[in-house]
Amino acid sequence: MAHVVSPPNVGHADAAIAVARSLEDVEVGDRIVRHTLATRLMHWLVGTSFILSFLTGMPIWTPIFGWMAALFGGLQVCRWLHPFLGVLFSVGLLWMAASWWSQMVMSGRDMEWLSPAYFAKYLRFESTDPETGKYNGGQKALFWIALLGGVALFLSGLVLWFPGVFPQALREVSWILHDVAFIAFFLLIIGHVYLAIADPGTFESMVDGTVSKPWARLHHPRWYRDVTGEQRK
């Protein structure tokens with residue numbers, strides 16, 4: 001890990017943001033660079049493309065949300081645009097998988113996050129494991145669930161995009177799978193956004209790429225020690 005010294009007359013925050021364009025896991029004054037620009041673009045591509053896919057898909061799904069079609073120029077536009085947005089979403093997920101696959105391997109300690117009781121402690125800031133690295137068990141689980149849901153959305157969406165190519169039974173199964181997967185993914189996104197906003201400093205890491213040292217020490221102690229070289233107390 002590296003320590004970056006701010007140039008004269010340049011604040012730590014500005015220097016850290018500049019470094020975050022191409023580097024991560026480095027210390028810049030009182031800030032730590034967590035995400036590069038490429039990582040942040042990948043994250044926002046996945047999130048934005050899903051939201052747009054959701055908005056164009058809802059009026060197709062049921063007339064109750066037909067008013068949403070007006071946002072894009074009508075129902076026919078939604079029918080045309082939705083599958084292409086789905087492809088863009090899938091490209092974002094592939095990028096995400098390629099970027100984070102090796103960092104999201106679940107350890108035995110990470111599996112504890114699958115317990116509702118443990119997650120409840122986390123929400124009360126009572127369960128930070130001193131060996132939590134750059135990504136905790138909850139974030140890793142979110143990654144794998146999102147990847148699995150994305151695959152389900154892509155495969156079922158492909159069948160629905162070209163219905164004449166596939167048998168009726170497969171089309172019917174794909175309708176159900178697509179509906180279940182998008183509802184689950186939507187709830188996942190809502191929870192993800194809530195946690196990012198509710199915890200000061202988390203959302204900012206996906207905007208400018210940096211976090212404060214106290215934030216890193218609290219939420220990801222082992223990662224903080226790895227970056228700063230500080231010994232565990």
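The values are calculated or read from the model by the stated rules, or taken from the named source; none is laboratory data. The model shown is predicted, which means the values in this text are computed figures rather than measured ones. So basically every Cβ, Gly included, is an ideal-geometry build from the backbone, and we count neighbours across all protein chains shown.
Right, Asp208: at pLDDT 90 or above, not β-branched (Val, Ile, Thr) and not in a helix (DSSP H, G or I) or not? When the stated conditions are applied, Asp208 passes them. Beta carbons closer than 9 Å, at least 6 apart along the sequence or on distinct chains, pair a first residue in segment 212-233 that is loosely packed, with under 15 Cβ neighbours inside 10 Å with a second that is part of a helix (DSSP H, G or I) for Glu230/Arg217; Glu230/Tyr224; Gln231/Arg225; Arg232/Pro221; Arg232/Arg222; Arg232/Arg225. Within segment 30-42, the set of residues being part of a loop (DSSP other than H, G, I, E, B) and either surrounded by fewer than 18 Cβ atoms within 10 Å (Cβ to Cβ) or of a type in the set (Lys, Arg) (or both) comprises Asp30, Arg34.
Pick from Thr210, Thr202: which is in contact with a Lys or Arg (Cβ under 8 Å, 6 or more places away or on another chain) and of a type in the set (S, T, N, Q)?
On the way: Thr202 fails: in contact with a Lys or Arg (Cβ under 8 Å, 6 or more places away or on another chain).
Residue meeting the stated conditions: Thr210.
Of all residues being of a type in the set (Phe, Trp, Tyr), assigned to a helix (DSSP H, G or I) and without any contact (Cβ under 8 Å) to a residue 40 or more places away in the chain in segment 151-202, which is surrounded by the most Cβ atoms within 10 Å (Cβ to Cβ)? Just the residue, please. Looking at residues that are of a type in the set (Phe, Trp, Tyr), assigned to a helix (DSSP H, G or I) and without any contact (Cβ under 8 Å) to a residue 40 or more places away in the chain, I get Trp175. The listed residues are Ser102, Ser90, and the only one of them that is touching a residue at least 60 places away in the same chain (Cβ under 8 Å) and assigned to a helix (DSSP H, G or I) turns out to be Ser90.
Restricting segment 101-131 to residues that are touching a helix residue (DSSP H, G or I) at 6+ places or on another chain (Cβ under 6 Å) and at pLDDT 90 or above leaves a set whose member that is nearest to Leu155 (Cα to Cα) is Met104.
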